[in-house]
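Read-outs: derived from the displayed coordinates by stated rules, not from any lab. Given the structure is predicted, the values throughout are model-derived calculations rather than measurements. Cβ coordinates were reconstructed from backbone atoms using ideal geometry, including for glycine residues, and neighbour counts include every protein chain displayed.
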Amino acid sequence: MGLKQIDHSSKEYDQMVTLRFEIMRKPLGLTFAPEELAKEKDDILIASFDDDEILGCCILSDMKNGCVRLRQMAVQKNMQGKGIGESMMMFAETLARDKGFKTMTMHARDTAIGFYEKFGYKVKGAEFTEINIPHHIMEKRLL
Ligand SMILES: CC(C)(COP(=O)(O)OP(=O)(O)OC[C@H]1O[C@@H](n2cnc3c(N)ncnc32)[C@H](O)[C@@H]1OP(=O)(O)O)[C@@H](O)C(=O)NCCC(=O)NCCS
């Protein structure tokens, strides 16, 4: 298994979008708008691969003023619970620190709050609805 940064509009990016669709959108009856994906060309795209097979992914978006937002964290269904999410969090945090970001934030699905808490993220503010499901903002200082 290996973690790497991938390029927008590459074969790996297509695999990433397919994974995100299967894990995060299809169960909610939702898709990705082309404009939503086009905006990701300036993001940091991270994926975990086993040879040519994508196992997991996440995205870092620059929110300016030293803050970076983690988005689209997803692990292939049959590979969940094996530490892939944890390894992507470590990789994403190291990359974010190296790039000088001071704070990491995310819109966490309520079902994933316990996962982010494992890495020291704290809920900030009230529940809100995004893509029709409850979320909370979570945040951590990257020391
Ligand atoms: C949430 C997700 C990314 C976690 O990845 P994963 O590879 O399954 O997680 P890991 O195996 O690395 O787990 C790391 C730790 O977090 C815990 N954990 C994993 N998912 C959790 C969850 N949803 N709630 C609470 N704890 C969780 C694990 O038990 C493990 O704890 P341990 O170290 O004490 O054993 C993955 O389950 C997933 O893709 N879920 C569906 C999509 C999703 O909800 N994404 C997040 C959107 S905000």
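Over the chain, what number does the Rg to Rh ratio reach, with both radii from the alpha-carbon atoms and Rh per Kirkwood?
On the way: Rg = 14.4 Å, Rh = 15.5 Å.
That ratio equals 0.93.
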(request) Pop out the ³J(HN,Hα) list for the range 32-45 in order, Karplus 6.51 cos²θ - 1.76 cosθ + 1.60 with θ = phi - 60°, rounded to Hz; leave Gly and Pro as x. (result) 9, 6, x, 5, 4, 6, 4, 5, 7, 5, 9, 8, 8, 9
(request) For the range 133-143, take each phi angle, set θ = phi - 60°, evaluate the Karplus expression 6.51 cos²θ - 1.76 cosθ + 1.60, and give the result in whole Hz per residue in order, putting x for glycine and proline. (result) 10, x, 9, 9, 6, 10, 8, 8, 6, 8, 7
(request) Using a 10 angstrom cutoff on alpha carbons, build the Gaussian network for the chain and name the most mobile of Ala33, Ala112, Ala96. (result) Ala33
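Cα-Cα over 22 Å: which of Lys82/Lys102; Lys11/Lys118; Lys4/Lys124; Lys4/Lys99; Lys64/Lys118?
On the way: Lys82/Lys102 29 Å; Lys11/Lys118 32 Å; Lys4/Lys124 30 Å; Lys4/Lys99 15 Å; Lys64/Lys118 26 Å.
Cα-Cα > 22 Å for Lys82/Lys102; Lys11/Lys118; Lys4/Lys124; Lys64/Lys118; rest within.
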(request) Report, as a whole number in µm² per second, the diffusion coefficient that Stokes-Einstein gives for the range 38-122 at 20 °C and 1.002 mPa s using the Kirkwood radius over alpha carbon pairs. (result) 160
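Add +1 for every Lys or Arg and -1 for every Asp or Glu among the other residues with Cβ under 13 Å from the Cβ of Asn78, and state the total. Numbers along the way, then the final one.
Numbers: positive: Lys77, Lys82; negative: Glu22, Asp50, Glu53.
Net of charged neighbours comes to -1.
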(request) Scan around Met63 for amide H atoms under 5 Å from its own, H built in the peptide plane at 1.01 Å from N, and keep only partners 5 or more places away or cross-chain. (result) Val68, Arg69
(message) Using amide H atoms built in the peptide plane, which far-off residues or other-chain residues are under 5 Å from Phe101 H to H?
(response) none
(message) Can you order the peptides 9-16, 70-77, 54-61 by their average number of other Cβ atoms within 10 Å per residue, highest first?
(response) 54-61, 70-77, 9-16
(message) Using helices alone, I'd like the mean residue ellipticity at 222 nm for the chain: each DSSP H run of four-plus residues gives -39500 (n - 2.57), total over residue count, nearest 500.
(response) -7000 deg cm²/dmol
(request) For Met73, list long-range residues whose amide hydrogen, built 1.01 Å from N in the peptide plane, is under 5 Å from its own amide hydrogen. (result) Ile59
